[in-house]
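The values are calculated or read from the model by the stated rules, or taken from the named source; none is laboratory data. The structure presented is a predicted model; accordingly, all values stated were derived computationally and were not measured. Cβ coordinates were reconstructed from backbone atoms using ideal geometry, including for glycine residues, and neighbour counts include every protein chain displayed. Note: areas computed on protein heavy atoms with side chains; ligands, DNA, RNA excluded. Shrake-Rupley method; radii C 1.70, N 1.55, O 1.52, S 1.80 Å.
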Amino acid sequence: MRILRKLFDFYIQSSIHVAFAVFCLLQITVVSSQQQLNNHYSICVFFGTVLGYNFLKYFEFFRRKNFRSNKYYSILAVTFLAGMGFLFSFYFLNHSVQKLILISGLFVLIYPFLRNFGWMKLFLVSFVVTFITVYIPFQDTKWLPLEFYTSVFQRFFILISLLVPFEIMDSKTDDKSLNTLPQLFGINSTKLFGILLVIPFIILEFLKLCHSYLVLPIGIITVTLINFTETDRNKYYTSFWVESVPILWWLLLVLFQ
C-alpha cells in the first residue's frame, strides 16, 4: 500500500494527472463537434501540459538545484521525457498549428510575472487551456460553425469554475500580496462566482445544433465540488478529484453519446 501511495502521489505531483485531464478536454471537443484531429496534436497537448505545468511548479527547485528528495530528480526526468515527446509530436504538425502552440507557450511564460495580480492567473490558465483544447482544433474548418463560438465560451466558463476550488484551497498559504479572488472578495463570494458560471456553461450547450445532456451532471458535480471546498480539505480534493471532472466528462461522452 505504501508503494502504491507513493506511485499515486508521483502521478499527481509530476502533472501526469492534469495532463490527462487537459487531453480529455481536447477529446471532448473532438467528440462533441465531430472534428478530425491529427493524433500528433493530441500527443503534443499531453506532453506539453506535463512540460508546462512542471516548469511552472518546479522552476525554482530546478534553478536553485534545491532538491530535497529523489522525488524531484524523478520529476525532472519525467519533465525531460515529456519535453522530448512534445518536440517529437510538434515536428509532425503543420506550421499554422505550430505557431499557435508557440503563442500558447508565450502565455505560459507570462504566468510567473502575474504574481502581484493573482486574480488574473485564474483567467489566464482558463484562456490558455480553452485556446489549446477548443480554438486550435477548429483551425482546419473553413467556415466556423455556431458550435465553435459556444464551445469557446462554454469551456472558458467551466474551467474558471473548476479552478475556483484551487484558489480557495491555496488561499490558506498564499501571500496576502497576491490579490487572489478569495483574498479580494472572500471565500463565499468566490464560491458564488464559480457556481454562477456553471449556469451559462449549461445554457450554451443547448444553443448547439447537436447538444448533449451530459453537461447537466458535469455542471452539478462542479457546483457540488465548489460548494464543499474548504481551506482544510485534503490535498487530493483538488489535485485529484476536481481535476478528474474533465476525465469523467470525456468517459461519459464516449459511453453515452
**Study point:** Solvent exposure of region 1-55 as accessible area per residue, Å², 1.4 Å probe
**Key:** 50 Å²
Point to revise | chymotrypsin sites (Phe, Trp or Tyr not before Pro) restricted to DSSP loop in region 134-203 with at most 10 other C-beta within 10 Å | key: W143
**Study point:** Å² per residue, accessible surface of region 114-245 at 1.4 Å
**Key:** 50 Å²
Review point. What part of the accessible area of region 130-254, given as a whole %, is carbon or sulfur when the probe is 1.4 angstrom?
Key: 68 percent
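For the chain, what does the relative contact order come out to in percent, with C-alpha contacts under 8 Å and a separation of six or more?
Averaging sequence separation for qualifying contacts and normalising by length gives 23 percent for the chain.
Over 28 Å between Cα atoms: which of K6/K99; K6/K176; K99/K191; K121/K191; K99/K121 fall into that group?
Pairs exceeding the cut-off: K6/K99; K6/K176; K99/K191.
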Revision key, fill the gap. Checked region 85-242 with the C-alpha gyration tensor, a ≥ b ≥ c its square-rooted eigenvalues, rounded below a/c of 1.5, otherwise prolate if a/b is larger than b/c and oblate if not; verdict oblate
Review point. Add -39500 (n - 2.57) for each DSSP H run of 4 or more in the chain, then divide by its residues: what number comes out at 222 nm, to the nearest 500 deg cm²/dmol?
Key: -23000 deg cm²/dmol
Revision key, fill the gap. With the dipole of the chain defined by +1 on each Lys or Arg Cβ and -1 on each Asp or Glu Cβ, the option from T229, T173, Q183 whose Cα lies farthest towards the positive pole is T173
Review point. Quick one: net charge of L197's neighbours, Cβ under 12 Å, K/R +1, D/E -1?
Key: +2
Exercise for review: Can you tell me the relative contact order of region 129-184? Whole percent, Cα pairs under 8 Å, sequence separation 6 or more.
Suggested key: 27 percent
**Study point:** Sulfur and carbon atoms: percent of accessible area, region 1-58 [1.4 Å]
**Key:** 65 percent
**Study point:** Simple label model, 7 Å out from Cα along Cβ direction - S96 to Q139, nm
**Key:** 0.8 nm
Practice item. Can you tell me the FRET efficiency between Y149 and K172 if r is taken as the Cβ-Cβ distance and R0 is 30 Å, rounded to the nearest 0.05? Key: 0.20
Review point. Using a cut-off of 22 Å between alpha-carbon atoms, which lysines can reach K208, once sequence neighbours fewer than 8 places away in the same chain are excluded?
Key: K142
Review point. What helices in the chain pass both tests, a Cα length along the helix axis of 30 Å or more and a mean Kyte hydropathy of -1.0 or higher, using whole DSSP H runs?
Key: 39-64, 70-91, 146-170
